[in-house]
Amino acid sequence: DQQVKQNSPSLSVQEGRISILNCDYTNSMFDYFLWYKKYPAEGPTFLISISSIKDKNEDGRFTVFLNKSAKHLSLHIVPSQPGDSAVYFCAARGPYSGGGADGLTFGKGTHLIIQP
Amino acid sequence: GAGVSQSPSNKVTEKGKDVELRCDPISGHTALYWYRQSLGQGLEFLIYFQGNSAPDKSGLPSDRFSAERTGGSVSTLTIQRTQQEDSAVYLCASSQGASPLHFGNGTRLTVT
């Protein structure tokens with residue numbers, strides 16, 4: 001049973017526009033959420049995170065929004081740039097949610113393609 | 001080194017053979033994780049080390065999989081009698097305290 005779901009395997013966005021990547025979760029014990037970015041043949045790299053006590057966290061062009069009642073989070077990239085083309089993984093963590101002390105559960109990823 | 005280092009980067013092996021994958025975490029990172037990513041799937045947790053001990057082995061898919069960590073540093077993931085369904089990218093990550101996981105570039109394993 002997938003606890004973290006990214007329902008869009010891919011997303012195509014024009015350069016300069018806003019990219020919105022979505023993630024849904026089922027485990028109400030999750031209290032910390034992260035986004036990782038992955039280029040081909042490289043490991044995932046940490047991008048941005050948000051604690052469940054917040055509903056928004058911003059870092060430059062990247063903003064993560066959390067809607068706890070809907071168990072939904074999203075990553076906004078504005079403006080989108082060609083270098084943003086990558087696979088984006090949503091991850092969640094909480095007590096006893098498995099995956100070691102850090103307890104990260106990952107979604108399947110969304111492949112973002114930025115078109116020039 | 002500056003980052004998590006994994007070797008080999010690619011491994012092709014015949015079904016039934018054993019393979020050993022290596023991970024060098026970031027110096028000073030006490031926590032070490034192994035994940036795998038099969039085609040079209042997310043990152044699947046395999047095992048977690050805190051120092052040399054493995055308090056969470058819940059993700060190991062079968063008893064053909066084992067891992068060890070020595071000196072609180074290097075870790076090896078061993079897969080015995082490999083099967084075709086073991087083909088995947090095996091990713092290692094390390095962390096210290098509450099810091100986000102830092103991943104290596106992975107080992108792409110292909111079982112023919």
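Do any strands (runs of 3 or more DSSP E) entirely within region A:5-60 hold 3 or more residues that are of a type outside the set (Lys, Arg) and under 19 Å from A:Gln81 (Cα atoms), and if so, which?
The strands (runs of 3 or more DSSP E) meeting that bar are A:10-14, A:19-25, A:45-51.
Please determine, by comparing only the residues of region B:87-107 that are touching a Pro at 6+ places or on another chain (Cβ under 9 Å) and within 18 Å of A:Lys108 (Cα to Cα), which one is nearest to the other protein chains (Cβ to nearest Cβ).
Checking each candidate, the answer is B:Phe103.
Output the residue which, of all residues in region B:29-44 that are part of a strand (DSSP E or B) and either over 26 Å from A:Lys5 (Cβ atoms) or among the aliphatic types (A, V, I, L, M) (or both), is nearest to the other protein chains (Cβ to nearest Cβ).
For region B:29-44, the residue satisfying everything is B:Leu43.
Pairs under 7 Å by beta carbon, first residue over 30 Å from B:Ala98 (Cβ atoms) and modelled with pLDDT of 95 or more in region B:7-28, partner part of a strand (DSSP E or B) and among the hydrophobic types (A, V, I, L, M, F, W, C), six or more apart or different chains?
B:Lys11/B:Val19; B:Lys11/B:Leu109; B:Thr13/B:Val19; B:Thr13/B:Val111; B:Lys15/B:Val111; B:Asp18/B:Ile79; B:Val19/B:Ile79; B:Val19/B:Leu109
Hey, among B:Thr13, B:Thr76, which residue is under 13 Å from the mean Cα position of the chain (by Cα) and over 24 Å from A:Arg93 (Cβ atoms)?
Going through B:Thr13, B:Thr76 in turn, just one is under 13 Å from the mean Cα position of the chain (by Cα) and over 24 Å from A:Arg93 (Cβ atoms): B:Thr76.
Any residue at all in region B:55-66 that's more than 9 Å from chain A (Cβ to nearest Cβ) and crowded, with 21+ Cβ neighbours inside 10 Å?
There is no residue in region B:55-66 that is more than 9 Å from chain A (Cβ to nearest Cβ) and crowded, with 21+ Cβ neighbours inside 10 Å.
Scanning region B:32-43 for residues that are touching a Phe, Trp or Tyr at 6+ places or on another chain (Cβ under 7 Å) and either surrounded by fewer than 18 Cβ atoms within 10 Å (Cβ to Cβ) or touching a residue at least 24 places away in the same chain (Cβ under 8 Å) (or both), which turns out nearest to B:Val74 (Cα to Cα)?
B:Leu32
On the given criteria, is A:Ser49 in contact with a strand residue (DSSP E or B) (Cβ under 6 Å, 6 or more places away or on another chain), within 12 Å of chain B (Cβ to nearest Cβ) and exposed (fewer than 14 other Cβ atoms within 10 Å of the Cβ)?
no
In the set B:Ile47, B:Ile26, which member is assigned to a loop (DSSP other than H, G, I, E, B) and within 14 Å of chain A (Cβ to nearest Cβ)?
Of the residues listed, the single one that is assigned to a loop (DSSP other than H, G, I, E, B) and within 14 Å of chain A (Cβ to nearest Cβ) is B:Ile26.
Only one of B:Ser94, B:Ser75, B:Ser99 is within 22 Å of A:Gly43 (Cα to Cα), at pLDDT below 95 and buried (at least 18 other Cβ atoms within 10 Å of the Cβ). Can you tell me which?
Being within 22 Å of A:Gly43 (Cα to Cα), at pLDDT below 95 and buried (at least 18 other Cβ atoms within 10 Å of the Cβ) holds for just one of B:Ser94, B:Ser75, B:Ser99, which is B:Ser94.
The values are calculated or read from the model by the stated rules, or taken from the named source; none is laboratory data. What you see is a predicted model, and the numbers here were worked out from it, not measured in a lab. Neighbour counts run over all protein chains shown; Cβ positions are idealised from the backbone, glycine included.
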